[in-house]
Amino acid sequence: MPIYEYELCQGECKACGGKFSLRRPLTAAPLTRCPACKKPVRKIISTFSSPMKLKPLSVSDAKKAGFTVLKRSGKGEYERQ
């Protein structure tokens, strides 16, 4: 279920603080009122998680992380670096 964020259209509320988030199924009807104070709300655009683009690991980074680094020395043969 996605998490939706809402804010009050007008005013403030001690119960919800003016902003709140809810887990709701995609099939649920749009929320128009705050469940706590019953004032009108609107859905706000929130951030989302996306994979970061990382640089490839260097040999020294791999060794520091505890990986064994191998180098091809011949056909089907590898040796430690």
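The values are calculated or read from the model by the stated rules, or taken from the named source; none is laboratory data. Everything numeric in this text was worked out from a predicted model, so none of it was measured. Please note: Cβ atoms are built from the backbone with ideal geometry, for glycine as well, and neighbour counts cover all protein chains shown. Only protein heavy atoms, including side chains, enter the accessible area calculation; ligands, DNA and RNA are left aside. Shrake-Rupley method; radii C 1.70, N 1.55, O 1.52, S 1.80 Å.
Computed values, structure above
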| read-out | value |
| --- | --- |
| Leu26-Leu57 FRET efficiency (beta carbon distance; Förster radius 35 Å; 0.05 resolution) | 0.40 |
| Count, lysine Cα pairs under 25 Å in the chain, 8 or more residues apart or across chains | 13 |
| Normalised per residue, the volume of the convex hull around the Cα set of the chain (Å³) | 188 |
| Cβ-defined net charge surrounding Ala15, 15 Å radius [Lys, Arg +1; Asp, Glu -1] | +3 |
| Low-density loop positions, GluC sites (Glu not before Pro), the chain - DSSP coil, at most 11 other Cβ in 10 Å | Glu12 |
| Share antiparallel - DSSP beta bridges, the chain, percent rounded to 5 | 100 |
| Charge context of Val69, other residues only, Cβ under 12 angstrom, K/R +1, D/E -1 | +3 |
| Rel. contact order, % - alpha carbon contacts under 8 angstrom, at least six apart, segment 1-80 | 25 |
| Nearest-10 value in Å² for the accessible area of Thr68, using the 1.4 Å probe | 90 |
| Within the chain, longest stretch clear of exposed trypsin sites (Lys or Arg not before Pro) (DSSP loop, no more than 16 other Cβ within 10 Å) | 15-37 |
